[in-house]
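Read-outs: derived from the displayed coordinates by stated rules, not from any lab. Remember, predicted model here, so these are calculated numbers, not experimental data. Don't worry about glycine lacking a Cβ; one is built from the backbone with ideal geometry, like all the others, and counts go over all protein chains shown.
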Amino acid sequence: MEKSFWIKNWKKNNIGFHNSEYNELLLKHFNSFTLEQSAKVLVPLCGKSLDLIWLATQGHHVTGVEVSPLAVENFFSENNFKFNSSVEEKFKRFSCQGPSLDILEGDFFDLNKEVLGRINFIYDRAAIVALPPDLRKKYTEVITSILTPGDQMLLVAMEYEFPELIGPPFPVFEHDIRAYYEKNFSIKILEEIVKEVDHPRFTEAGVKLWSRKIYKLVRI
Ligand SMILES: C[S@@+](CC[C@H](N)C(=O)[O-])C[C@H]1O[C@@H](n2cnc3c(N)ncnc32)[C@H](O)[C@@H]1O
């Protein structure tokens, strides 16, 4: 998806993906991972997710990456957090004066290790599935390059059958996840949840069921 697509959707408040509570799957599965207290967490394509706050309250330092300036502005104003800001390469860094978290405002595909620093854990919720297939391989290459052996990732992917592209969210099947990541990660499915579709754009198109697979990946 073009960046302009997301920036426009944020301006129109077209953000059905946003949860006004912590994500239940994160809360349920986070203890399947072993993280040092000082671990550094990355949330790619973070929107204004409250999960950034939850992860920071677990004692970790969290970095979110988000292209929409409005999403970043909303995150800080809606949570009454003050911040300091600075420019780093192609990003604007917002460092929260409350919980231990930063948001890098800019394009995920401009990330590099200098801007990001060491990362030990990635939380991918509504990130890989937000990207159309032509961007996804590049996304997974950046993710792979960020982590070093032993680092971990919690990934939530959607699966549904439909002959055309009607995302986001786009379906990312287990065979896709394996094709992108199996060479560099051990992959375990923590849970699969199959549900009737409750999203009008998808029900109107005739998609009846979709499933979410929750993965634990460990960099090898
Ligand atoms: C489906 S939303 C998910 C947001 C968040 N992960 C959540 O769970 O609420 C995808 C987000 O990715 C952002 N985004 C899309 N492309 C991006 C890019 N290339 N770089 C950084 N952020 C991007 C969008 O603005 C949007 O906020």
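Side notes on the structure shown:
- Some residue of the range 190-210 being in contact (Cβ under 8 Å) with a residue 12 or more places away in the chain, closer than 30 Å to Glu89 by Cβ and not in a loop (DSSP other than H, G, I, E, B): no
- Test: residue in the range 54-70 that is more than 17 Å from Ile122 (Cβ to Cβ) and of a type in the set (A, V, I, L, M, F, W, C): yes
- Unique residue being on the phi > 0 side of the Ramachandran plot and either crowded, with 17+ Cβ neighbours inside 10 Å or among the charged types (D, E, K, R) (or both) when the list is Glu73, Glu89, Glu66: Glu89
- Residues of the range 7-38 classified as under 16 Å from the mean Cα position of the chain (by Cα) and closer than 15 Å to Thr57 by Cα, total: 6
- Taken over the range 68-92, residues that are within 12 Å of the ligand (Cβ to nearest atom), over 22 Å from Ser145 (Cβ atoms) and assigned to a loop (DSSP other than H, G, I, E, B) amount to 1.
- Test: residue in the range 51-61 that is touching a residue at least 12 places away in the same chain (Cβ under 8 Å), near the ligand (Cβ under 10 Å from one of its atoms), under 17 Å from the mean Cα position of the chain (by Cα) and surrounded by 15 or more Cβ atoms within 10 Å (Cβ to Cβ): yes
- Residues in the range 99-119 that are over 16 Å from Leu45 (Cβ atoms), surrounded by 14 or more Cβ atoms within 10 Å (Cβ to Cβ) and out of contact with any strand residue (DSSP E or B) (no Cβ under 6 Å at 6 or more places or on another chain): 1 in all.
- Residues of the range 111-126 that are touching a Phe, Trp or Tyr at 6+ places or on another chain (Cβ under 8 Å) and within 8 Å of the ligand (Cβ to nearest atom): Ala126 alone.
- Check on Ser95, among the hydroxyl-bearing types (Ser, Thr, Tyr) and assigned to a strand (DSSP E or B): yes
- Considering the conditions (1) free of Cβ contacts under 8 Å to residues at least 24 places away in the same chain; (2) under 30 Å from Thr203 (Cβ atoms), Lys183 is excluded by exactly one of them, (2).
- Once the range 120-134 is narrowed to residues that are free of Cβ contacts under 8 Å to residues at least 60 places away in the same chain and crowded, with 19+ Cβ neighbours inside 10 Å, the residue that is nearest to Phe185 (Cα to Cα) is Ile128.
- Scan the range 143-176 for residues that are in contact (Cβ under 8 Å) with a residue 60 or more places away in the chain, assigned to a helix (DSSP H, G or I) and farther than 16 Å from Lys216 by Cβ and the total you get is 1.
- The set of residues from the range 1-48 being near the ligand (Cβ under 10 Å from one of its atoms), of a type in the set (Lys, Arg) and crowded, with 17+ Cβ neighbours inside 10 Å comprises just one member, Lys48.
- Filtered residues of the range 98-112 (kept if part of a strand (DSSP E or B) and charged (D, E, K, R)): Asp102, Glu105
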